[in-house]
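*Asks:* Just dropping this structure here.
The values are calculated or read from the model by the stated rules, or taken from the named source; none is laboratory data. From a predicted model like this one, the values you see are computed outputs, not experimental measurements. Cβ: placed from backbone, ideal geometry, glycine included. Neighbour counts: every protein chain shown.
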Amino acid sequence: MKSAIAPGMLRRLLFQPAAMFEELSETRPEPLVVFFRYVVWLALAPPVFAFIGASIFGWRIGGAQPLYLGPGELVLISIAYFFALLFGFVSTAVIAQWMATTYGARHSLGIHFVLVTVIALPLAVGSVIHLFPHVFINVLVLIPTMMWSMYLLYSGLPVMLKISPERGMLMSSALIGYLLVACVSLLGITVALWSGGLGPSLGV
């Protein structure tokens, strides 16, 4: 069996997902290899795009005037964004590995790192819209990319983890439940920090 992800596999996931799921199901990837070769760069894209967009156009919320932040604040927010994405990736992979016992799926952490990388790929590609950080436009673009990620999750998980489609659907739904709870929790933490003075002021 292959011991690592072959170069170019992530690019082929965009155009030949079914074939790639089959190939990935036969790999034995090392978690650290996946993390440093793919995950770090995928997680770096959204903060970089957001930093560039916010620097040039400012943050736009509805019809309000653009909100511009200083370089220092933008750097801190972008760094926090980057580490939040990395934490989300690792925690999701660990949760998936924990669920694997219940659903009779492959248990190695490496394959779960690959699974979450597959799920995250559309979101990393779609984050290019952060170059123009308007809330409405970003939502219009990121909702289809989230649907794309969900398609990859539901179709790829049973193949990559070698379980039946029925168990794959249940495990995928459980993972989505975890991700929804995590997103709501992150929003709550963000609002609390912002209200506590650790975010930009929107006062006029």
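*Asks:* Take the residues of the stretch 135-162 that are touching a helix residue (DSSP H, G or I) at 6+ places or on another chain (Cβ under 6 Å) and touching a residue at least 60 places away in the same chain (Cβ under 8 Å): which is farthest from Gly53 (Cα to Cα)?
*Replies:* Filtering the stretch 135-162 for residues that are touching a helix residue (DSSP H, G or I) at 6+ places or on another chain (Cβ under 6 Å) and touching a residue at least 60 places away in the same chain (Cβ under 8 Å), the one farthest from Gly53 (Cα to Cα) comes out as Val159.
*Asks:* Has the stretch 119-132 got at least one residue that is of a type in the set (Ser, Thr, Tyr) and in contact (Cβ under 8 Å) with a residue 60 or more places away in the chain?
*Replies:* Yes, that holds for at least one residue.
*Asks:* Could you look through the stretch 148-188, keep only residues that are loosely packed, with under 11 Cβ neighbours inside 10 Å and over 19 Å from His107 (Cα atoms), and pick out the one that is modelled with the highest pLDDT?
*Replies:* Gly177
*Asks:* I've got another one for you. Here are Phe113, Phe89, Phe49, Phe36: which of them is more than 23 Å from Ser185 (Cα to Cα), part of a helix (DSSP H, G or I), in contact (Cβ under 8 Å) with a residue 40 or more places away in the chain and not β-branched (Val, Ile, Thr)?
*Replies:* Numbers: Phe113 fails: more than 23 Å from Ser185 (Cα to Cα); Phe89 fails: more than 23 Å from Ser185 (Cα to Cα); Phe36 fails: in contact (Cβ under 8 Å) with a residue 40 or more places away in the chain.
Result of the check over Phe113, Phe89, Phe49, Phe36: Phe49.
*Asks:* Does Glu30 meet the test of being surrounded by fewer than 18 Cβ atoms within 10 Å (Cβ to Cβ), acidic (Asp, Glu) and farther than 30 Å from Gly156 by Cα?
*Replies:* Taking the combined requirement at face value, the residue does not satisfy it.
*Asks:* Here's another thing I want to ask about it. Checking the condition closer than 26 Å to Pro71 by Cβ and either out of contact with any Lys or Arg (no Cβ under 6 Å at 6 or more places or on another chain) or assigned to a helix (DSSP H, G or I) (or both), which residue from Ser172, Ser185, Ser149, Ser127 passes?
*Replies:* Ser127
*Asks:* For the stretch 63-83, how many residues meet the condition of being in contact with a helix residue (DSSP H, G or I) (Cβ under 7 Å, 6 or more places away or on another chain) and either in contact (Cβ under 8 Å) with a residue 24 or more places away in the chain or not in a helix (DSSP H, G or I) (or both)?
*Replies:* Residues in the stretch 63-83 being in contact with a helix residue (DSSP H, G or I) (Cβ under 7 Å, 6 or more places away or on another chain) and either in contact (Cβ under 8 Å) with a residue 24 or more places away in the chain or not in a helix (DSSP H, G or I) (or both): 5 in total.
*Asks:* Can you work out which of the residues in the stretch 96-110 that are hydroxyl-bearing (Ser, Thr, Tyr) and assigned to a helix (DSSP H, G or I) is surrounded by the most Cβ atoms within 10 Å (Cβ to Cβ)?
*Replies:* Tyr103
*Asks:* Picking from Leu24, Leu32, which residue would you name as being closer than 23 Å to Val90 by Cα, modelled with pLDDT of 90 or more and out of contact with any strand residue (DSSP E or B) (no Cβ under 7 Å at 6 or more places or on another chain)?
*Replies:* Residue meeting the stated conditions: Leu32.
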